[in-house]
Amino acid sequence: MSTTDGSPARVGDVDMKLEVVVLPVTDVARAEQFYGRLGWRSDQTPPGSGVVQLTPHGSGCSVHFGTGLTSATPGSAKAFLIVSDIVRAREALVAAGVDVGEVFHLGPDGPITGPDPERGTYRSRAEFADPDGNTWVMQEVTDRLPGRVDPGETTYATATDLADAMRRASEAHGEHEKRIGAADPDWPTWYAAYMVAEAAGQPLPQ
């Protein structure tokens, strides 16, 4: 089979965007109420489908659940939620009445209570579960590993993510000005380079 321009089709060229993950639950109404407390958007589904779909704020992927959607055991699912500030995210969920475990970070000998002292990317986590026991791991990610994001397609899903990235760029830019011993009048260009490099996991400007 060939593409419309006559070239051979390659699986590596096919966009496959993760759209929905099915959660195994026992009580659909209870699950809907719980995820609603998280502030997840309730999406429209076909009438009579019995499917409930919700999308986390800033996420391109949704979850759905309903009667007869999966044979998996309720409570057996485990997934990760990426946040830019683990402490602030946990505080928001606790304020919404969600039972969230303490923030911890990964040390050489296992988990250690509290966020990573240097707030290193991918290191700080906190966990919570829905009423069925499906586990969600919140993970603080501020700097992607190399190759995870195309620098030509750097985007921010929400205003919060963009604001957090700008704050980090501002702090780094302050250190940059200390190093050069002068104010940098072209700070917008420096900010942009820093934010794109950070998102793509590339070397950061100094």
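Within segment 179-204, the set of residues being of a type in the set (Asp, Glu) and farther than 15 Å from Asp164 by Cα comprises Asp184, Asp186. Scanning segment 160-193 for residues that are more than 23 Å from Arg88 (Cα to Cα) and in contact (Cβ under 8 Å) with a residue 12 or more places away in the chain turns up His173, His176, Arg179, Trp187, Trp190, Tyr191, Ala193.
Residue count for segment 148-169, restricted to those that are modelled with pLDDT of 80 or more, farther than 20 Å from His57 by Cα and either of a type in the set (Gly, Ala, Ser) or outside any helix (DSSP H, G or I) (or both): 1.
Filtering Arg125, Arg144 for residues that are among the basic types (Lys, Arg), under 22 Å from Met166 (Cβ atoms) and within 18 Å of the chain's Cα centre (by Cα) leaves a single hit, Arg144.
Hey, any hits in segment 96-105 for a residue that's outside the structural domain of Leu162 (by TED's automatic domain parsing), without any contact (Cβ under 8 Å) to a residue 12 or more places away in the chain and not aromatic (Phe, Trp, Tyr)? Within segment 96-105, not a single residue is outside the structural domain of Leu162 (by TED's automatic domain parsing), without any contact (Cβ under 8 Å) to a residue 12 or more places away in the chain and not aromatic (Phe, Trp, Tyr). Hey, could you check segment 56-103 for residues that are farther than 22 Å from Gly36 by Cβ and within 17 Å of the chain's Cα centre (by Cα) and say which is surrounded by the most Cβ atoms within 10 Å (Cβ to Cβ)? By that ranking, first place goes to Ile86. Scanning segment 50-101 for residues that are among the β-branched types (Val, Ile, Thr), part of a loop (DSSP other than H, G, I, E, B) and over 15 Å from Pro24 (Cβ atoms) turns up just one, Val98.
The values are calculated or read from the model by the stated rules, or taken from the named source; none is laboratory data. Note that the structure is predicted; figures quoted are calculated from it, not measured. Neighbour counts run over all protein chains shown; Cβ positions are idealised from the backbone, glycine included.
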